[in-house]
Amino acid sequence: MERYEPLKIEQKWQKIWADNKTFKATEKPDTLKMYIAEMFPYPSGAGLHVGHVRNFTIVDVLARFYAQQGYNVMRPFGYDTFGLPAENYAIKTGTAPQEVTKININNFRKQAKRLGYAIDWDREINTSDPDYYKWTQWCFLQLYKKGLAYQKESYQWWCPEDQTVLANEQVENGKCWRCGHEVEKKKMKQWFFKITEYADELLSEIDALDWPDKIKTMQKNWIGRSAGAEIDFEIVGGAPKIKVFTTRPDTILGATFLVVAPEYPSLDALTNDDTKEAVKAYKTAALKKSEIERQENKEKTGVFTGSYAINPATKEKIPVYVADYVLAGYGTGAIMAVPAYDDRDREFAEKFDLPIVEAEFVDRDLYGTPKITYKMRDWLISRQRYWGCPIPIAYDKEGNPHPIPEDQLPVLIPEVEDFRPDNSGHSALAKAKDWLKVELYNEDTGKVEEMTRETDTLDGYACSSWYLWRYASPHDKKHAWDEKAIKYWEPVDIYVGADHAVAHLLYVRFWCKFFADEGYLPFREPIKKLIYHGYINAPDGKKMSKSKGNVIDPLDVINDGYGADTLRTYEMFIGPVELDAAWDPRSVGGVYRFLNRCWSLLGNISKADNIIIRNKTIKKVTTDIVKCNFNTAVAALMEYVNELYKQGASKEDLIALAKLLKPFAPHLASEMLERLDTDDEWPKWDEKYLTSDTVEVIVQVNGKLRAKLTVKTEDLEDEEKITSLALSDEKVAKYTKNGVKKSIFVKKAHLLNIVV
RNA sequence: GCCCCGGUGGCGGAAUUGGUAUACGCGUUCGACUUAAAAUCGAAUGGAGAAAUCCAUAUGAGUUCAAGUCUCAUCCGGGGCACCA
């Protein structure tokens with residue numbers, strides 16, 4: 001038997017799979033389908049890292065496992081290519097992002113192929129390909145038509161480093177998710193998707209999903225539903241009345257003042273000549289505060305506006321304050337303060353010496369109207385950046401927006417010399433003077449007019465909100481997705497990723513519900529099962545990063561001679577799928593030794609037949625893969641191989657081994673199967689071989705292990721016989737000579753506990 | 001501050017869901033092969049003890065014939081939310 005040479009074997013099988021298009025997925029109406037995908041990667045210049053390998057290999061193990069079981073499997077692949085890294089690289093080097101992206105994709109594809117993934121390469125998609133983003137624009141227009149894509153002028157998060165606005169989901173602890181720079185608030189007119197329209201459904205359907213609890217909880221918290229009431233307060237002197245939101249309308253008798261947010265629209269009308277300056281100064285200072293400052297300093301601040309409101313329950317005059325502990329974007333931006341029952345209000349009342357009244361509770365809907373409020377805000381989608389999907393809108397001379405007709409899509413990204421963003425509030429698209437102008441029919445005037453194109457691009461998350469449907473018919477020239485293909489393949493059966501708990505995973509659910517309402521999708525939840533796996537850290541437990549110099553390059557591991565099979569199997573063995581794990585180069589060697597042993601067994605087929613352990617292993621590996629317990633599935637295979645080494649392995653033992661190994665180490669297993677001259681159909685176990693003629697019975701005295709008896713399996717039915725056998729055991733007798741109180745026999749655990 | 005998870009050998013981690021704690025891998029030690037080394041193969045490996053045994057799943061109590069698993073308290077680590085009225 002020749003040596004195990006992974007690189008040689010892998011090259012051979014990768015060629016065979018590519019030449020035969022082995023993993024091409026076609027619709028087979030009579031076969032159960034299984035659609036499995038990873039969260040498609042952003043193809044960075046650094047190439048694949050070990051985290052990608054974990055992500056893709058989980059998908060691959062499942063895809064191959066189900067294919068071997070006879071499912072009609074689709075396992076597509078694609079690239080999420082719009083975004084800042086490619087654009088920033090372009091700015092630095094002067095290479096167009098289009099070019100950079102092409103190079104990175106080619107590299108990613110080449111590397112992914114070295115890992116032997118069962119990908120249908122004919123379904124590759126790329127979000128910055130005009131054939132793709134044409135349909136992203138189409139999606140935008142559908143939302144626009146229904147009023148779910150709209151413009152609004154309001155205070156937004158602005159990243160001064162990246163010179164763009166950000167969605168709430170992209171601000172982490174007051175910092176930009178991309179560059180980590182502190183964000184600021186800026187009043188701007190921006191495009192939004194009205195995700196709040198679906199808040200209730202997004203919340204209520206979470207529980208039924210087969211997703212990790214962690215993600216479900218995060219989404220629930222993010223949506224943040226609370227039930228309360230809106231109550232109107234008249235203002236003395238005739239200023240517009242103030243509507244407040246409260247979850248405790250029953251405490252209204254204790255409401256001794258009102259507070260509005262600094263951004264409150266009619267704040268000016270509440271002031272008088274005495275208070276005007278102070279209020280203005282307070283507002284300016286509050287808006288300048290960064291999110292971090294607001295979080296760090298929770299000391300209450302505020303000023304009296306000069307106005308009084310009438311408490312509708314007590315009819316008393318109560319002062320109206322402005323304070324930044326009230327948030328503009330939540331509820332109505334105004335509250336009734338009940339210092340007796342709310343800690344924040346009490347703190348404010350104590351500081352400003354306002355009355356604290358412990359009044360009785362009243363009926364909840366006596367003075368207000370019931371109202372449900374959500375923490376979730378609408379999704380801000382405009383970005384003042386070049387490398388994104390252009391928003392298909394143009395403006396007439398009055399500045400009114402008009403959609404670009406569907407037959408004029410795609411709105412192509414214009415080529416420019418300088419991709420740099422600036423603080424003009426416009427993206428670099430504004431520098432393409434020719435592109436900017438477009439002749440469009442204006443429905444308002446009934447004339448064809450010259451209009452100016454929208455220069456903002458779409459948040460990259462818009463592009464990834466529908467790609468899972470594009471995979472079903474990636475080359476469709478006439479539709480975003482083909483109705484028939486969607487009906488067969490969707491929804492996604494298993495989706496695998498390690499990020500985007502609220503953003504992406506909430507947005508795809510939102511779009512799914514919208515397009516279901518529009519009749520384009522026959523389901524309302526896009527992903528049946530979600531697997532959220534942990535990260536792989538450096539051997540020292542720290543995050544891998546170029547600057548720390550602790551990055552493990554998966555291609556190095558392969559080329560060092562271990563091969564892709566070892567890399568794949570190691571990453572499945574590294575620990576429970578949902579946990580972070582530290583890379584251990586020595587364990588990689590352990591997995592390589594294991595595969596080597598599998599290979600060596602092939603050269604020495606014996607007569608020994610290990611029916612029992614073979615059946616046990618088949619059962620264990622099968623059930624473990626279904627439960628995504630990949631680490632213990634590999635451990636079971638190792639145990640099996642150790643046993644075969646001791647006992648000798650029959651051809652049948654080896655066939656089972658190769659088939660079970662194939663999802664993890666497909667090249668080696670394919671080579672083994674070829675030499676064993678057999679197919680790869682997933683093996684079945686037979687319960688009747690899981691028990692032997694004899695069984696070991698554990699004998700405890702007072703819960704402590706004292707003896708192990710070997711009895712005939714059928715004797716498990718005879719408790720008396722086992723008890724007397726146990727009592728006559730020399731070791732047991734030592735402890736039971738003073739008599740036995742009782743004994744408990746557990747057949748399932750083949751255990752006997754004698755109490756003395 | 002509030003809400004979730006976790007804590008098991010020298011290390012990563014198993015444990016049929018209340019039933020033999022430490023599977024599997026790494027590391028370590030010894031042995032075989034070899035002139036030698038690597039590779040490979042075999043054996044041992046929670047702690048104490050000569051042994052019988054005893055003690056060990058963060059700590060302390062409790063329930064039970066039986067607890068890593070259930071209950072309560074405490075300590076430590078991780079994650080999420082965080083002025084959301």
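The values are calculated or read from the model by the stated rules, or taken from the named source; none is laboratory data. Note that this is a predicted model, so its numbers are computed, not measured. Heads up, the Cβs are rebuilt from the backbone with ideal geometry, glycines too, and the neighbour counts pull from every protein chain shown. Calculation scope for accessible area: heavy atoms of the full protein, side chains included, ligands and nucleic acids excluded. Shrake-Rupley method; radii C 1.70, N 1.55, O 1.52, S 1.80 Å.
Here are a few things to note about the model shown:
- Number of the exception - A:Trp466 against (1) more than 30 Å from A:Ala432 (Cα to Cα); (2) at pLDDT 95 or above: (1)
- Enumeration of residues in the range A:224-246 that are among the aliphatic types (A, V, I, L, M) and away from RNA strand B (no atom under 11 Å from the Cβ): A:Ile235, A:Val236, A:Ala239, A:Ile242
- When residues of the range A:1-56 are limited to those that are part of a strand (DSSP E or B) and among the charged types (D, E, K, R), the one nearest to A:Gln69 (Cα to Cα): A:Lys33
- Put simply, of A:Leu668, A:Leu690 the only residue that is at pLDDT below 90, among the aliphatic types (A, V, I, L, M) and within 16 Å of RNA strand B (Cβ to nearest atom) is A:Leu690.
- Residues being aromatic (Phe, Trp, Tyr) and open to solvent by less than 30 Å² (accessible area, probe 1.4 Å) - total across the range A:646-693: 2
- Checking each residue in the range A:182-200 for being assigned to a strand (DSSP E or B) and free of Cβ contacts under 8 Å to residues at least 60 places away in the same chain picks out A:Lys186, A:Lys187, A:Lys189.
- Some residue of the range A:569-583 being over 19 Å from A:Leu676 (Cβ atoms) and touching a Lys or Arg at 6+ places or on another chain (Cβ under 7 Å): yes
- Residue within the range A:608-618 that is within 10 Å of RNA strand B (Cβ to nearest atom) and either among the small types (Gly, Ala, Ser) or more than 14 Å from A:Arg54 (Cα to Cα) (or both) present: no
- Leading residue by the ranking (surrounded by the fewest Cβ atoms within 10 Å (Cβ to Cβ)) among those in the range A:531-558 that are small (Gly, Ala, Ser) and touching a residue at least 40 places away in the same chain (Cβ under 8 Å): A:Gly541
- Of residues in the range A:167-178 being touching a helix residue (DSSP H, G or I) at 6+ places or on another chain (Cβ under 8 Å) and touching a residue at least 60 places away in the same chain (Cβ under 8 Å), the one nearest to A:Lys152 (Cα to Cα): A:Ala167
- Here the range A:365-388 is the region considered, the condition is being open to solvent by less than 20 Å² (accessible area, probe 1.4 Å) and in a loop (DSSP other than H, G, I, E, B), and the residue that is farthest from RNA strand B (Cβ to nearest atom) is A:Tyr386.
- Of residues in the range A:238-247 being touching a strand residue (DSSP E or B) at 6+ places or on another chain (Cβ under 7 Å) and not in a strand (DSSP E or B), the one most open to solvent (accessible area, probe 1.4 Å): A:Lys241
- Selection within the range A:210-220: residues that are touching a residue at least 40 places away in the same chain (Cβ under 8 Å) and surrounded by fewer than 17 Cβ atoms within 10 Å (Cβ to Cβ). The member of this set that is nearest to A:Ala501 (Cα to Cα) is A:Met218.
- Some residue of the range A:440-453 being within 16 Å of RNA strand B (Cβ to nearest atom), among the charged types (D, E, K, R), part of a strand (DSSP E or B) and open to solvent by 10 Å² or more (accessible area, probe 1.4 Å): no
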